[in-house]
Amino acid sequence: MSLVGGDFPVQQSELAGAVAIVTGAGQGIGAAVTRALTAAGAVVAATDRNPGPLTGLANELSGRPDAHGPVHPYLLDVSDAAAVESTVTLIEDQLGPVGILVNVAGILRAAPAIELSDQDWADTFAVNTTGVFHTSRAVGRRMAGRGGGVIVTVGSNAAGVPRTGMAAYAASKAAATMFTRCLGLELGRSGVRCNIVSPGSTDTEMQRALWHDDAAAAEQRVIDGDPASYRVGIPLGRIAQPTDIAEAVAFLVSDRARHITMHDLYVDGGATLRA
């Protein structure tokens with residue numbers, strides 16, 4: 001094992017030759033997952049509905065000595081079933097059979113449950129749940145026909161523990177989590193493994209959008225917890241970095257996890273007390 005670029009302790013050839021799709025790859029956890037998979041040698045189809053971040057990520061990784069697999073950007077809105085099917089077809093035509101799918105694309109509309117609009121609810125489920133269904137169906141069919149593959153859905157610890165102001169997000173992540181487990185049950189005999197990585201509070205733009213004052217003070221409040229909102233703190237005393245989540249994904253898509261499926265791996269510093 002070697003530290004690649006100081007970020008990812010992976011073997012450079014671990015995923016050599018594998019073709020991976022990462023959704024929501026433009027920033028945050030999706031970008032970190034893309035970096036981790038390329039560091040391990042995978043060819044990554046990085047998808048997002050925002051072209052700017054995708055181009056920036058591809059340019060960044062093309063110049064990094066620790067990117068042992070190339071990155072190919074594709075515009076994709078995972079809530080559009082037809083677009084997902086056509087994009088997966090295009091990726092396989094251009095890059096080869098997809099052996100890894102990582103569902104990262106997600107949105108958060110924070111509001112008390114009784115104040116959520118119909119559009120907030122619909123938009124959240126369209127990306128966080130239906131988007132996972134669209135991509136997993138399109139790729140899973142192909143994987144099953146070939147007799148192997150790995151799907152990882154990035155969920156949330158909010159899928160297992162109620163959170164104030166996050167009803168739509170938590171419900172959508174819970175649905176995506178159970179869908180992925182059911183998919184793993186159905187595709188297991190075809191050699192396809194399906195797992196979930198459930199982060200807690202992670203230093204991303206989505207997380208920082210919830211902070212309304214000094215970042216350092218807001219981060220400390222997350223670490224300390226908030227009894228008024230029924231939220232415990234983080235026992236490890238730190239907020240996660242996107243690389244922490246990407247490391248878990250990189251493990252689950254590798255042969256080191258070849259006998260793990262339908263598993264929900266919490267990466268939250270103990271914040272849910274694994275309730």
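Given 0.36 nm per residue, what is the gain on full extension from His212 to Asn59 after removing their alpha carbon distance, in nm? Please report the intermediate quantities before stating the final value.
Values: separation 153, 0.36 × 153 = 55.08 nm, distance 3.22 nm.
The span from His212 to Asn59 would gain 51.9 nm if fully extended.
Rg and Dmax of the stretch 141-232 over Cα atoms: what are they, in angstrom?
Radius of gyration, then largest Cα-Cα span, for the stretch 141-232: 17.1, 51 Å.
Tell me, how many Å apart are the Cα centres for the stretch 11-49 and for the stretch 112-188?
Each part's Cα centre sits 20 Å from the other's.
For the chain, with a Gaussian network of springs between Cα atoms less than 10 Å apart, report the residue from Tyr169, Tyr74, Tyr230 with the top mean-square fluctuation.
Of Tyr169, Tyr74, Tyr230, the most mobile in the Gaussian network model is Tyr230.
Can you give me the long-range amide H partners of Asp268? Hydrogens built in the peptide plane at 1.01 Å from N, cutoff under 5 Å, separation of 5 or more residues or another chain.
Gly200
Calculate, for Asp80 and Arg258, the FRET efficiency according to 1/(1 + (r/R0)^6) with r their C-beta to C-beta distance and R0 35 Å; round to the nearest 0.05.
Values: r = 33 Å, r/R0 = 0.94.
With R0 = 35 Å, the Cβ-Cβ based efficiency is 0.60.
Take the stretch 225-266, drop everything but the C-alpha atoms, weight them equally and run the Debye formula without solvent; then report log10 I(q)/I(0) at 0.22, 0.32 Å⁻¹ to two decimals.
Each listed q maps to, in turn, -0.82, -1.09.
Which number do you get for Rg(Cα) / (2.2 N^0.38 Å) in the stretch 14-118? All intermediate terms of the calculation are to be shown ahead of the outcome.
On the way: Rg = 14.8 Å, N = 105, 2.2 N^0.38 = 12.9 Å.
Here the Cα radius of gyration is 1.15 times the empirical estimate.
Kindly provide the helix-only [θ] at 222 nm of the chain, computed as the sum of -39,500 (n - 2.57) over DSSP H runs of four or more divided by all residues, to the nearest 500 deg cm²/dmol? Walk me through the numbers on the way to the answer.
Values: 9 runs with 114 residues, N = 275.
The per-residue figure over the chain is -13000 deg cm²/dmol.
Using only alpha carbon pairs under 8 Å that are at least six residues apart, calculate the relative contact order of the chain and give it in whole percent. Can you show the working numbers first?
On the way: 572 pairs, mean separation 48.0, N = 275.
It rounds to 17 percent for the chain.
Return the percentage of antiparallel bridges among DSSP beta bridges fully within the chain, rounded to the nearest 5 %. The partial results should precede the final answer.
Numbers: 3 of 31 bridges.
For the chain, the DSSP antiparallel bridge percentage is about 10.
Just from the alpha-carbon atoms, what are the Rg and Dmax of the stretch 130-171 in angstroms?
Over the stretch 130-171's Cα set, Rg and Dmax evaluate to 14.1, 43 Å.
Bear in mind these aren't lab numbers, they're just calculated from the coordinates by the rules spelled out. These figures come from a predicted structure and were not determined experimentally. Don't worry about glycine lacking a Cβ; one is built from the backbone with ideal geometry, like all the others, and counts go over all protein chains shown.
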